[in-house]
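Step one of this worksheet: look at the structure below.
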Amino acid sequence: MKPLAAALLATTLALPAQEAATLGARVHALVPMGDLRDLTNSQVGFGVAAYIDIPINRGFVLRPLLGAQFIPKGDTLGLAGTKTSITSVDLMAEFLWFPGEDPERGPYLIGALGGQQWRLSATGTNPSTVSHTRLGASGGLGFQASSRFGLEVRGFWSPIEKDLTATGLTVGATWRF
């Protein structure tokens, strides 16, 4: 994670932004799919992130962010008496494209890539804790309703172990300060 953090910081400092960077925050609900759904019995989670919006040029914005996600304990399918919770800490670089070339208002596409530290904690009949740092990706759609408030829907993917992949959907809101 340290090389990724250094690269993000270097990129952020080196970009000749035409406009001032803006600090922001995101909150989202997380709907697990596939392997995560089986581990938590479809428990809905939540996440938060802090970010910096850095305008690159007309219609393109770089958004380095630090975030966290949490899915509460749920009954693990196939393992009676076992409950699993899942957390992640994310260091991502998101790229936003505003087709209308106005980052203050309108729809946009999101693509993200970065590192995720996953932690799976099971209690009960089969207790265990697994922790891995992996590459993660996400993509989706957003709508900037005003210069400060936006909405986003995205899908995410990250391989945690050989036979365990984190996938799901998030629905959230962003706020620029």
*Given (1) assigned to a strand (DSSP E or B); (2) at pLDDT below 80; (3) charged (D, E, K, R), index of the condition Glu19 fails*: (1)
*Confirm whether Phe177 is exposed (fewer than 13 other Cβ atoms within 10 Å of the Cβ) and under 22 Å from Leu91 (Cβ atoms).*
yes
*Search result, residues across region 74-112 that are at pLDDT below 85 and not small (Gly, Ala, Ser)*: Asp75, Thr76, Leu77, Leu79, Thr82
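The values are calculated or read from the model by the stated rules, or taken from the named source; none is laboratory data. All figures in this text were calculated on a predicted structure; none of them were measured in a lab. Every residue, glycine among them, receives a Cβ derived from its backbone with ideal geometry; neighbour counts consider all protein chains shown.
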